[in-house]
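The values are calculated or read from the model by the stated rules, or taken from the named source; none is laboratory data. This structure is a prediction, so every number in the text was calculated from the model and none was measured. Note that each Cβ is placed from the backbone with ideal geometry, even for glycine, and that neighbours are counted across all protein chains shown. Calculation scope for accessible area: heavy atoms of the full protein, side chains included, ligands and nucleic acids excluded. Shrake-Rupley method; radii C 1.70, N 1.55, O 1.52, S 1.80 Å.
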Amino acid sequence: MLLGEPERTQADLCFRLLGIPVRVHPFFWIVALILGANQIRSPVDLILWVLAVFVAILVHELGHALLMRLLGFHPAITLYGLGGYASYDRVWGGSNLGHTPGGQILIHAAGPGASLALAAFIIGLVWLSGIQLEFQIGLPYGLWVGFFLPGSELLNQFLNWLVTILLAWSFLNLMPVYPLDGGQMVREVLIWLNPHQGMVQTLVLSVLVGGALCLAALLVWKSWFLAILFGYLAFANFMTLQATAGRPWGW
């Protein structure tokens, strides 16, 4: 989830995964550490938390990137700040589906889909092993699943954090706030219905929903992370809306 590609730094971590270039900006690690501040009891906990965040966000972006490649694009992944960004630069051929609203919606849905698939796989293995699962459903994170793996406290802690992040990040990304995946999918539908005003409608909806979620985070859920996330997105969409006032939106 980015509003733009961050500048490259000498501290970037770069590698390839399944042939897809991945760049991790140093700000990603900083934000992961801040988010885990109340989870950390030891240096080992710190490492496990950051690793869980890294794996969860990477799997999410990998879902986007793999479908991009399947549709004929050349994808790349950037992890930065509050999330990540899967992009593509050119087409080598293949299906034209990727250029259609339906294809773009599939690409945006692939990220949450990959996260939910991995979470379901882990939960399924735990359940098949006979270990009891605990479920909680509700806002703001949708679904929480907890379990206890006997014999390995470190593995148990890592997998619990990983499943929690996979589920929560998928749910949050489906909110209709641009540029989250849900906002991107809404944009495709609105632009398809109204090519000239669809983007403006997307920005207005994002400001309203983002602002409402920011207030709920502050007043109801008492979550500074969600307040900052949705407050920032609402503000960014408002500024974009102001900057493009009066501009025709033909895409």
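Tabulated values for the structure
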{"item": "Paramagnetic reach from Thr100 (point 7 Å along Cα→Cβ, amide N under 15 Å) across the range 193-211", "result": "193"}
{"item": "Largest-first principal axis extents, alpha carbons of the range 1-83, Å", "result": "45, 23, 22"}
{"item": "Cα pair distances of the chain binned at 5 Å [whole percent]", "result": "1, 6, 12, 16, 18, 18, 14, 9, 4, 2, 1, 0, 0"}
{"item": "Solvent-accessible area, 1.4 Å probe, carbon plus sulfur percent, for the chain", "result": "69 percent"}
{"item": "Fluctuation leader among Arg69, Arg16, Arg41 - the chain, Gaussian network, Cα springs under 10 angstrom", "result": "Arg41"}
{"item": "Most fluctuating residue given options Ser223, Ser170, Ser152, as computed from a GNM of the chain linking Cα atoms under 10 Å", "result": "Ser152"}
{"item": "Whether the range 67-144 is rounded, prolate or oblate, judged on the alpha carbon gyration tensor where a/c under 1.5 counts as rounded", "result": "prolate"}
{"item": "Label-point separation in nm, Leu155 to Leu18, each point 7 Å along Cα→Cβ", "result": "2.4 nm"}
{"item": "Candidates Leu203, Leu17, Leu166: whichever shows maximal mean-square fluctuation once the chain is modelled as a Gaussian network with Cα springs under 10 Å", "result": "Leu17"}
{"item": "For the range 194-239, accessible area per residue (1.4 Å probe, heavy atoms of protein chains only), Å²", "result": "50 Å²"}
{"item": "Kyte-Doolittle mean at least 1.0, axial Cα span of 20 Å or more - DSSP H helices of the chain", "result": "43-70, 101-128, 153-173, 198-216, 224-243"}
{"item": "Most to least packed among 231-239, 56-64, 182-190 [average Cβ atoms within 10 Å]", "result": "56-64, 182-190, 231-239"}
{"item": "Residue-count net charge about Ile107 - beta-carbon cut-off 12 Å; Lys, Arg +1, Asp, Glu -1", "result": "-2"}
{"item": "Global form of the range 158-245, assessed from the alpha-carbon gyration tensor, a/c cut-off 1.5", "result": "oblate"}
{"item": "Label-point gap, in nm, between Gln132 and Glu5 - each point 7 angstrom along Cα→Cβ", "result": "5.2 nm"}
{"item": "Charge-dipole axis of the range 1-155 as Lys and Arg at +1 and Asp and Glu at -1 on Cβ define it, positive-most pick from Ser152, Gln10, Ile47", "result": "Gln10"}
{"item": "Shape category assigned to the range 1-148 from the gyration tensor of Cα positions, a/c cut at 1.5", "result": "oblate"}
{"item": "Dipole moment magnitude, nearest 20 debye, the chain about Cα centre, only Lys, Arg, Asp, Glu C-beta charged", "result": "280 debye"}
{"item": "Hull volume in cubic angstrom per residue (convex hull over the Cα atoms of the range 38-86)", "result": "65 Å³"}
{"item": "Solvent-accessible area per residue, Å², over the range 56-119 with all protein chains present [probe radius 1.4 Å]", "result": "39 Å²"}
{"item": "Among Leu172, Val207, Ala32 - extreme Cα towards positive end, dipole of the chain, charges at beta-carbon", "result": "Val207"}
